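Novice: The structure is given below, and queries will be raised subsequently.
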Amino acid sequence: MAELVVDLKEQSYPLKIRKGLLNDVGLEITRFYHGKKVAIITDQTVARYYEKQVKEGLLKEGYEVVVIALPPGEESKSLNQLPFLYKALIDFGLTRSDLIVALGGGVVGDVGGFSAATFLRGIPFVQIPTTLLAQVDSSIGGKVAVDLPEGKNLVGSFYHPVLVLIDPLVLETLSDRFFYDGMAEVIKYACILDVDFFAFLKTLKTRAEMTKQIEQIIYTCCSLKKAIVESDERDTAERMLLNFGHTLGHALETFYAYKKYTHGEAVAIGMYQITLLAEEKGLSAIGTAETIKSLLIQYHLPYTLEHKDYAAVLEYVALDKKNINGVLKVVLLKTIGKSYLEETTATFFVN
Ligand SMILES: NC(=O)c1ccc[n+]([C@@H]2O[C@H](COP(=O)([O-])OP(=O)(O)OC[C@H]3O[C@@H](n4cnc5c(N)ncnc54)[C@H](O)[C@@H]3O)[C@@H](O)[C@H]2O)c1
Ligand SMILES: O=C(O)C(=O)C[C@@H](O)[C@H](O)[C@H](O)COP(=O)(O)O
Ligand SMILES: [Zn+2]
């Protein structure tokens, strides 16, 4: 078992990574939680695969358990789901001394975490991420949110889990599309922070080869994110680097109403396109975009943007959380592994 602690003083929490950990969820939870009730928030697809295993583990330890399953997909990361979630928690009689478990991908983690942050002004919650993206990124760092039609994550909070349990074996049931979607955030870490990690990713050619190294990949990403979150929990400085590719990525997701690209795919396009623009403006070393592009191709990720979409996308860039009074902070690379924040305006994206 690999274990990390996200050290945030009284809000610190352990992050455990082990194949087969899903079998021990009940035991892991008894180590710190001595209350009665556990509400599992999940989606219907994840429930089909993993509800039984997790629920039985908790029942065995004597907890009362309810499972609340949302429809799968980004559409569930919405204000519209909250009345349903809150009602289910009320009907179950959940109190502040009970526990919520978010079992699923980034959507379940974000909306489940947001309901945990807001229901009764805060219920402790455990993250059990089941997509690669959630295991390397969204389950760590306490960003919980829902989307608005105007943009991604526009209503949210910082609310940390009390525990993160990562079982890489659950990735076996993940589709290729969502496996590579998660790899986009993995590539992001390598681009912004770690050229050696980038070189290592280049050596892995197939999903089977990547899966052999998956514990190492998850551990590396979690360690990199842990360090950033510890140094800038509230996203006012260094943490913004984790937004590499996201200014354009979030705009693309919103513009296409979450129907064309997954989050990781949109971020992949965003990383390549912003680096291309930065090179043209002399802000990134020549060749950086091409290096990113070949890794994206290797990981079956998109990188092109249709020119006709630019104007519409710009509308949404204006709503980016890093856009303050018209000054937009974008994340750029000097070279692979070296990132920085550049102050600019939305016109940066007009080529
Ligand atoms: N909070 C953060 O720091 C943070 C970081 C990165 C991304 N995000 C957010 O995460 C969301 C994307 O997360 P995601 O890519 O995990 O999407 P997701 O939660 O929609 O999961 C993708 C699909 O995989 C299915 N699935 C999940 N686990 C499975 C498994 N083990 N086997 C088979 N199918 C499984 C789901 O049902 C869903 O259909 C976006 O909303 C993004 O904004 C948040
Ligand atoms: O944890 C962070 O900080 C990140 O930026 C991680 C991103 O991968 C993630 O998509 C995050 O939800 C984006 O946050 P936002 O503040 O730009 O909505
Ligand atoms: Zn992201």
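Novice: Using only alpha carbon pairs under 8 Å that are at least six residues apart, calculate the relative contact order of the chain and give it in whole percent.
Specialist: 15
Novice: Could you identify which residue out of Asn325, Asn23, Asn243 has the top mean-square fluctuation in a GNM of the chain using Cα springs shorter than 10 Å?
Specialist: Its mean-square fluctuation being the largest, the pick is Asn325.
Novice: Quick one: among Gln127, Gln273, Gln298, which has the greatest mean-square fluctuation in a GNM of the chain with alpha-carbon springs under 10 angstrom?
Specialist: Fluctuation is largest for Gln298.
Novice: Before anything else, pin down the relative contact order of segment 175-349: Cα pairs under 8 Å, at least 6 apart, normalised by residue count, whole percent.
Specialist: Rounded, it is 28 percent for segment 175-349.
Novice: Just name one of Gln298, Ala208, Gln273: the one whose Cα is farthest towards the positive end of the charge dipole of the chain (beta-carbon charges, Lys/Arg +1, Asp/Glu -1).
Specialist: Towards the positive end, the residue furthest out is Ala208.
Novice: On a full-extension model of 0.36 nm per residue, what is the gain between Lys212 and Ala311, subtracting their alpha-carbon distance, rounded to one decimal in nm?
Specialist: 31.4 nm
Novice: Using alpha carbons only, how many degrees (0 to 90, rounded to 10) separate the axis of helix 246-255 from the longest principal axis of the chain?
Specialist: Result, in degrees: 80.
Novice: Regarding segment 83-231, what is the average projected area of its C-alpha convex hull, in nm²? Write out the running numbers ahead of the final one.
Specialist: Details: hull surface 39.6 nm².
Averaging across all directions leaves 9.9 nm² for the Cα convex hull.
Novice: Suppose the chain between Thr203 and Leu79 were pulled fully straight at 0.36 nm per residue; how much longer would it get relative to their current alpha carbon spacing? Before the final figure, lay out the partial values.
Specialist: Working: separation 124, 0.36 × 124 = 44.64 nm, distance 4.20 nm.
In short, 40.4 nm is gained.
Novice: Another question about this same structure. For segment 273-317, state the average projected area of the convex hull of the C-alpha atoms over all orientations, rounded to one decimal in nm².
Specialist: In nm², the orientation-averaged hull projection of segment 273-317 is 3.7.
Novice: Between 0 and 90 degrees, rounded to the nearest ten: what's the tilt of helix 176-193 against the longest Cα principal axis of the chain?
Specialist: Approximately 60 degrees, to the nearest ten.
Novice: Per residue, how much accessible area does segment 175-349 show when a 1.4 Å probe rolls over the protein heavy atoms, in square angstrom?
Specialist: Accessible area per residue: 41 Å².
Novice: If you don't mind, there's one more thing I want to ask. Shape of segment 192-290 from its Cα gyration tensor (a ≥ b ≥ c, root eigenvalues): rounded if a/c is under 1.5, otherwise prolate when a/b > b/c, or oblate?
Specialist: rounded
Novice: Calculate how many DSSP beta bridges within segment 2-172 are antiparallel, expressed in % of all such bridges and rounded to the nearest 5.
Specialist: 30
Novice: Then there is this: What net charge is computed for the residues neighbouring Lys329, neighbours being all others with C-beta under 10 Å from the C-beta of Lys329, Lys and Arg scored +1, Asp and Glu -1?
Specialist: Taking every other residue near Lys329 into account, the sum is -1.
Novice: For the chain, what proportion of DSSP beta bridges, expressed in % and rounded to the nearest 5, is antiparallel?
Specialist: 45
Novice: Charges only on Cβ, +1 for Lys and Arg, -1 for Asp and Glu: so what's the dipole of segment 175-349 about the Cα centre, in debye to the nearest 20?
Specialist: The calculated dipole for segment 175-349 is roughly 220 debye.
Novice: Mind jotting down the three principal axis lengths of the chain based on Cα atoms? Whole angstrom, largest first.
Specialist: 61, 41, 37
Novice: Treat segment 25-92 as a sphere of radius equal to its Kirkwood radius over Cα pairs and apply Stokes-Einstein at 37 °C in a medium of 0.692 mPa s; give the translational diffusion coefficient in µm²/s, rounded to a whole number. Walk me through the numbers before you get to the answer.
Specialist: Working: Rh = 12.9 Å.
Translational D for this selection: 255 µm²/s.
Novice: A follow-up question, please. If you roll a 1.4 angstrom probe over the protein chains with everything in place, what fraction of the accessible area of the chain belongs to carbon and sulfur, to the nearest %?
Specialist: Details: 7880 of 14310 Å².
Looking at the chain in its full context, I get 55 percent from C and S.
Novice: For segment 1-99, which chymotrypsin sites (Phe, Trp or Tyr not before Pro) are in a loop by DSSP, counting at most 15 other Cβ atoms within 10 Å?
Specialist: In loop regions of segment 1-99 (DSSP not H, G, I, E or B), the sparsely surrounded chymotrypsin sites (Phe, Trp or Tyr not before Pro) are Phe32.
Novice: How many angstrom separate the Cα center of segment 318-351 from the Cα center of segment 32-68?
Specialist: 42
Novice: Once the Cα atoms of segment 175-349 are picked out, what are the Rg and Dmax in Å?
Specialist: Over segment 175-349's Cα set, Rg and Dmax evaluate to 15.4, 47 Å.
Novice: Kindly give the semi-axes, whole Å and largest first, of the ellipsoid equivalent to segment 2-172, taking each as the square root of 5 times a Cα gyration tensor eigenvalue.
Specialist: Details: eigenvalues 90, 64, 55 Å².
They are 21, 18, 17 Å, listed from largest to smallest.
Novice: Restrict the search to segment 191-256; then list the trypsin sites (Lys or Arg not before Pro) that DSSP places in a loop and that have at most 11 other Cβ atoms within 10 Å of their Cβ. All intermediate terms of the calculation are to be shown ahead of the outcome.
Specialist: Values: sites: Lys202, Lys205, Arg207, Lys212, Lys225, Lys226, Arg234, Arg239; in loops: Lys205, Arg234.
For trypsin sites (Lys or Arg not before Pro) across segment 191-256 that sit outside H, G, I, E and B with at most 11 neighbouring Cβ atoms in 10 Å, the list reads Lys205, Arg234.
Novice: Return the single residue from Gly35, Gly93, Gly182 with maximal mean-square fluctuation; model: Gaussian network over the chain, springs between Cα atoms under 10 Å.
Specialist: Comparing Gly35, Gly93, Gly182 in the GNM, the peak value goes to Gly93.
The values are calculated or read from the model by the stated rules, or taken from the named source; none is laboratory data. Keep in mind it's a predicted model, so treat the numbers as computed, not measured. Note: ideal-geometry Cβ built from the backbone for every residue, glycine included; neighbour counts use all protein chains shown. Heads up: the accessible areas ignore ligands, DNA and RNA and are worked out on the full protein's heavy atoms, side chains in. Shrake-Rupley method; radii C 1.70, N 1.55, O 1.52, S 1.80 Å.
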